[in-house]
Amino acid sequence: MNSSDRHAISSIDDCRLINIPAIRHDNGNIAVMENVATALFEIRRVYYIYDIQSGAERGGHSHHNTSELVIPLSGSFDVVFDDGVATRRITLNRPDTGLLLSTGIWRTLDNFSTGSICLVLASEKYCEDDYVRSYEEFKRLTAVKR
Ligand code: TYD
């Protein structure tokens, strides 16, 4: 199968904020993803980005076939997401609100606050072959599918 065939297309309108139900107490809150994340996709991988330097940019890629839920566990950052036609920027700053990035979306993360931590739940295990790291290639893949 060539890369065009396996690159799933979605729209930035498929990317949406997901509220994670929280149990709130005076002495702290618990956000539970038992139902929310499993309703979006089966979680096959969890990773988090931390010790992020001021001015850093992360991401800068798309996936052929991986959906992700991005959650600002601590602090804030922006996610820019792009379906090859339209682009949107969203600031994430609540640990009970994540952004669903559907598969095939180009994403960049920037504007990280000091000490921020970005948690990602992913629908697939890590596989470098699933990445599209060239924006020109991403544009080509999305153009041939439309
Ligand atoms: P990458 O996904 O490009 O980072 P980000 O999108 O956060 O900027 O990954 C950076 C490096 O880490 C790259 O060499 C691949 C490796 N990596 C893994 O080995 N396993 C993983 O689950 C992830 C997310 C990355």
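Over the chain, DSSP H runs of length four or greater, each weighted -39,500 (n - 2.57), average out per residue to a 222 nm ellipticity of -3500 deg cm²/dmol.
Does the range 55-146 classify as rounded, prolate or oblate by the C-alpha gyration tensor (a ≥ b ≥ c root eigenvalues; a/c under 1.5 gives rounded; else a/b over b/c gives prolate, otherwise oblate)? Since a/c reaches 1.5 and a/b is larger than b/c, the shape of the range 55-146 is classed as prolate. Based on protein heavy atoms only, the range 7-146 ends up with 54 Å² per residue of surface accessible to a 1.4 Å probe. For the peptides 123-129, 31-37, the ranking by mean Cβ contacts within 10 Å, running from highest to lowest, is 31-37, 123-129.
Placing a pseudo-label 7 Å from each Cα along the Cα-to-Cβ vector at residue 5 and residue 51 gives an inter-label distance of 4.2 nm.
With each label modelled as a point 7 angstrom along the Cα→C-beta vector, the residue 94-residue 61 pair spans 3.1 nm.
Per residue, how big is the convex hull of the range 80-123 when only Cα atoms are used? Give it in Å³.
Details: hull volume 3.5 nm³, N = 44.
Given the Cα convex hull of the range 80-123, per-residue volume reads 80 Å³.
Computed in the context of the full set of protein chains, the accessible area of the chain at 1.4 Å probe radius has 47% of its extent on carbon or sulfur.
If one computes the Cα centroid of the range 7-26 and of the range 71-146, what distance in Å separates the two points? A separation of 12 Å, based on Cα centres. Could you give the angle, 0 to 90 degrees to the nearest 10, between helix 135-145's Cα long axis and the longest principal axis of the Cα atoms of the chain? Tilt relative to the chain: about 70 degrees.
The values are calculated or read from the model by the stated rules, or taken from the named source; none is laboratory data. The model shown is predicted, which means the values in this text are computed figures rather than measured ones. Note that we place each Cβ from the backbone using ideal geometry, even for glycine, and neighbour counts take in every protein chain shown. SASA here: full protein model, heavy atoms, side chains in, ligands and nucleic acids out. Shrake-Rupley method; radii C 1.70, N 1.55, O 1.52, S 1.80 Å.
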